[in-house]
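Below: one structure, written as structure tokens.
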Amino acid sequence: MEPYFDETEIRRTIATLKPNGELFEVRVIYSDGKNLSGYFRDAETLINALHRISLTGCNVYMTLHHLKEECFGREQRERFVRSTRTATSDSDVTAYEWFVMDFDPARPSGTSSTEAQLQLAKTQANKVYRYMSQIGFEKPITALSGNGCHLLYRIDLPCTADNKKIVEKTLKAMDVLFSEPDSKVDTTMFNPARICKLYGTLAQKGSNTAEQPFRMSRILTIPQEIKATSPRYLQKICATLPEQPERKAYNGYSPQTFDLEGWMTKYGIIYQRQEWSEGDKYKLDCCPFDANHKGKDAMIFRRKDGSIGFHCFHNSCVGKTWRDVRLLFEPDAYEKREQEAKERMYGQRNRDKPKEVAPMHEEKDNPIWENAIYILDKKTPEDTFVRTGVDLIDRKMRGLKKGYVSLISGLRASGKSSVLSQITLNAVDDGNNVGVFSGELTDKNFMRWMNLQAAGKAYAVPTQYDGFYTVDFKVRKKIADWLGNRFWLYNNDYGRRYAQVAKELEKAIEDKKLDLLILDNLMAFDISDLAQDSKWDAQSKFVLDLERMAKRYNVHILFVAHPRKARGFLRLDDISGSNDLVNAVDNAFIVHRVNEDYRRLTKETFGWKESHPTYEASNVIEIAKDRDGGTQDVFVPLYYEKESKRLRNSDTENVIYGWVDGADSDMAKKAGKGVPDGFVPVKDDDEVVFD
């Protein structure tokens, strides 16, 4: 029989969870209901009090959140009192300090878990730990409760009604995403006064048998630095739960009566139904947006109020909702009236096309003069685009149009290289082939930066140098395997004379079937052969040659041009070269670093107020020219993450690239050795898993 508590482990628990003498309550719960309560500030006083009571057949818990100081004046100050009516209530808590995820295996009440049941909880906790890391949560404290597993994420949230709803909704969202019939996420851990296992005390439920033993609870891992996760990440998880949809009679959608199962059967969606605490969820045989997303990675779920949601764990499906799923099969499900209005407005005339086309005076099927009806019926390849991953650019410009040339500029250290490598990663993630000429970086330095961005914060390993992170070799190997033959980097050993390099660029576009070619930068090329008398003429001919290649091979070419010394806020006219350079390209972007100069100059140039939203960002991409859409003077805020070197669309964005999807099975096998019963750090992948 193990002792009822471990003094060393209790000291470690209090030092970790209440390091500065903060007040906490400990409750001793007995099966007969004659429970004890005590308020303490330090481990030694608590341990002395535990020695003075019987701990047979009980379980010991503690409060986790910040309590009002007045609670220390209650009768159970620094001692245990039986059956007191003054235990901690929600109104006694001023702030949330921890977001707790408790994974408890399903079993009869009043019993300890078997080893097999405990392993189910470990497996579930591993999945959630990895998911939370990938979406941007800071590293948690990990622990065994004795019968299950705990993840404790530091948060600092005032104890308000709104924050209570956020914590509750986050747990409910995690429940639908991860709960299984045999191991569930505890959704009751949301109220501020909720108690948690006092680690270092024995879990005693039922009888202590070989099959269902009592186990000592303990903290397993503690981050080197315990950082608070922003509440915006909780809100990000909350967003996966569906809101009650607006009822619209015209589209035949009634949330309470909609036959979801019949609808899925009608459209051939194979699913496995599973009940959850809020309703039903349907694990799909494959994702409706990508048949390669298998293994129960996608699900549709319906709450008891009739609201329906969708979630897929793969990066390419981020942001997809139930609405998107339904529109995939029923394009007019929600917008029937709007579609009818569009037909009236624009006149969908395909059905009214004439039987005879305009006379052809030259080649057959290729008239010199084309009328609108002929153009309407003319069969031409659809425009295709390469997604940048910058949401606002992709929405307003549809991405980078193939057959076009774009220019990107910005002052030194504005973030141009970060933007280019992220565009590369997003393009590869969408199945495009990308070639890169990087005249200023060696191949090793280029990949060091891009590996950090591909790996993300969860896999970035800190070094002894402040702000310097690296990626372990095995992760770099997985990234390299994923990039495969979709990413190509020009070897600078072969020179930079454009007349020679251009032939290799054109050959690479054709042979490697490139969708995107990135050239960083114009000044890195020797373009003197293009025009000996004027470097401005040479630059113009450089762009015209890129235009020729882009159109001939239907590839998008994106190149960097450094600006001249700007007199004020950097504008398109400040870009190096003649006006022909800017006029010749199809699109132009300017990257700005948000610093004091940016704030001062934008206020002077545009009259912006201090509350302008871009001032909260770290970098901004300005859409300065858009040949097709005419978009200009649009400033897109981005948010820098130091660990990954990423520029994100929001300060909670955490893109998961395809190399992670392909590594799932390998990651799960990497449980280390030497730490009993717990999370084991796996340095190769910055993973933590239960052994």
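The values are calculated or read from the model by the stated rules, or taken from the named source; none is laboratory data. Since this is a predicted model, take the numbers as computed values, not measurements. Methodologically, a virtual Cβ is constructed for each residue, glycine included, from the backbone with ideal geometry; neighbour enumeration extends over all protein chains shown.
What to note about this one:
This table checks each residue for (1) among the small types (Gly, Ala, Ser); (2) closer than 22 Å to GLY33 by Cα.
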residue	(1), (2)
THR84	no, yes
ASP90	no, yes
ALA121	yes, no
ASN126	no, no
ILE141	no, no
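- Lone qualifier among ILE237, ILE270 - being closer than 22 Å to LEU177 by Cα, at pLDDT 85 or above and surrounded by 17 or more Cβ atoms within 10 Å (Cβ to Cβ): ILE237
- Take the conditions (1) within 22 Å of MET216 (Cβ to Cβ); (2) in contact with a helix residue (DSSP H, G or I) (Cβ under 7 Å, 6 or more places away or on another chain); THR63 misses just one of them, which is (2).
- Within the range 79-131, the residues that satisfy the criterion of being surrounded by fewer than 21 Cβ atoms within 10 Å (Cβ to Cβ), assigned to a loop (DSSP other than H, G, I, E, B) and of a type in the set (S, T, N, Q) are SER83, THR84, THR86, SER89, SER109, THR111, THR114.
- Scope the range 441-479; condition under 18 Å from ASN491 (Cα atoms), modelled with pLDDT of 90 or more and aliphatic (A, V, I, L, M); matching residues: MET447, MET450
- Flag if GLU211 is assigned to a loop (DSSP other than H, G, I, E, B), crowded, with 18+ Cβ neighbours inside 10 Å and of a type in the set (D, E, K, R): no
- The sole residue among PRO3, PRO19 that is in contact with a Leu (Cβ under 9 Å, 6 or more places away or on another chain) and surrounded by fewer than 16 Cβ atoms within 10 Å (Cβ to Cβ) is PRO3.
- Looking across the range 57-74, the residues that are over 34 Å from the mean Cα position of the chain (by Cα) and over 16 Å from LYS34 (Cβ atoms) come down to LYS68, GLU69, GLU70, CYS71, PHE72, GLY73, ARG74.
- From the list VAL318, VAL325, the one residue that fits, being at pLDDT 55 or above, under 20 Å from GLY262 (Cα atoms), surrounded by 14 or more Cβ atoms within 10 Å (Cβ to Cβ) and touching a strand residue (DSSP E or B) at 6+ places or on another chain (Cβ under 9 Å), is VAL325.
- Within the range 26-52, tally of residues that are in a helix (DSSP H, G or I) and at pLDDT below 95: 0
- Scan of the range 1-25 for residues that are part of a loop (DSSP other than H, G, I, E, B) and acidic (Asp, Glu), ordered by number: GLU2, ASP6, GLU22
- Any hit, the range 476-489, residues being in contact with a strand residue (DSSP E or B) (Cβ under 7 Å, 6 or more places away or on another chain) and closer than 28 Å to VAL582 by Cβ: yes
- Subset of the range 596-616 that is in a helix (DSSP H, G or I) and exposed (fewer than 13 other Cβ atoms within 10 Å of the Cβ) - its residue that is nearest to the chain's Cα centre (by Cα): GLU616
- Search result, residues across the range 51-60 that are among the aliphatic types (A, V, I, L, M) and crowded, with 21+ Cβ neighbours inside 10 Å: VAL60
- Conditions (1) buried (at least 18 other Cβ atoms within 10 Å of the Cβ); (2) at pLDDT 80 or above; (3) part of a loop (DSSP other than H, G, I, E, B); number of the one not met by PHE289: (1)
- Top-ranked residue in the range 363-411 [being of a type in the set (S, T, N, Q) and part of a loop (DSSP other than H, G, I, E, B); ranked as surrounded by the fewest Cβ atoms within 10 Å (Cβ to Cβ)]: THR380
Let's see how each residue does on (1) within 20 Å of HIS314 (Cα to Cα); (2) modelled with pLDDT of 90 or more; (3) of a type in the set (A, V, I, L, M, F, W, C):
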residue	(1), (2), (3)
LYS625	no, yes, no
GLY630	no, no, no
PRO637	no, yes, no
GLU643	no, yes, no
VAL655	yes, no, yes
GLY662	yes, no, no
ALA668	yes, no, yes
PRO676	no, no, no
LYS683	no, no, no
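- Residue match in the range 192-202 (condition: polar (S, T, N, Q) and surrounded by fewer than 16 Cβ atoms within 10 Å (Cβ to Cβ)): no
- Residues that are under 17 Å from ALA239 (Cβ atoms), in contact (Cβ under 8 Å) with a residue 40 or more places away in the chain and in contact with a Ser or Thr (Cβ under 9 Å, 6 or more places away or on another chain), drawn from the range 156-186: LEU171, LYS172, ALA173, MET174, ASP175, VAL176, LEU177
- Of all the criteria given as (1) crowded, with 18+ Cβ neighbours inside 10 Å; (2) touching a Lys or Arg at 6+ places or on another chain (Cβ under 8 Å), the one not satisfied by TYR639 is (1).
- The residues listed here are ASN492, ASN445, ASN485, ASN433; of these, the one that is surrounded by fewer than 22 Cβ atoms within 10 Å (Cβ to Cβ) and in contact with an Asp or Glu (Cβ under 7 Å, 6 or more places away or on another chain) is ASN433.
- Going through (1) under 37 Å from the mean Cα position of the chain (by Cα); (2) within 21 Å of ALA203 (Cα to Cα); (3) polar (S, T, N, Q) one by one, SER31 falls short only on (1).
Every residue, every condition in (1) among the aromatic types (Phe, Trp, Tyr); (2) in contact (Cβ under 8 Å) with a residue 12 or more places away in the chain; (3) touching a strand residue (DSSP E or B) at 6+ places or on another chain (Cβ under 8 Å), yes or no:
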position	(1), (2), (3)
ASP515	no, yes, yes
MET523	no, yes, no
LEU530	no, yes, no
ARG552	no, no, no
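- Selection of first residues in the range 260-282 that are without any contact (Cβ under 8 Å) to a residue 60 or more places away in the chain and among the acidic types (Asp, Glu) and of second residues that are surrounded by 17 or more Cβ atoms within 10 Å (Cβ to Cβ) and part of a strand (DSSP E or B), restricted to Cβ pairs under 6 Å at least 6 apart or on distinct chains, gives the following pairs, ordered by first then second residue: ASP280/ARG302.
- For the range 178-191, the criterion of being assigned to a helix (DSSP H, G or I) and surrounded by fewer than 21 Cβ atoms within 10 Å (Cβ to Cβ) is satisfied by at least one residue.
- None of ARG77, ARG12 is among the charged types (D, E, K, R), modelled with pLDDT of 95 or more, out of contact with any helix residue (DSSP H, G or I) (no Cβ under 8 Å at 6 or more places or on another chain) and over 27 Å from VAL167 (Cβ atoms) except ARG77.
- Residue list for the range 53-78, filter: touching a strand residue (DSSP E or B) at 6+ places or on another chain (Cβ under 7 Å) and in a helix (DSSP H, G or I): CYS71, PHE72
- Any hit, the range 215-224, residues being touching a helix residue (DSSP H, G or I) at 6+ places or on another chain (Cβ under 9 Å) and farther than 21 Å from PHE40 by Cβ: yes
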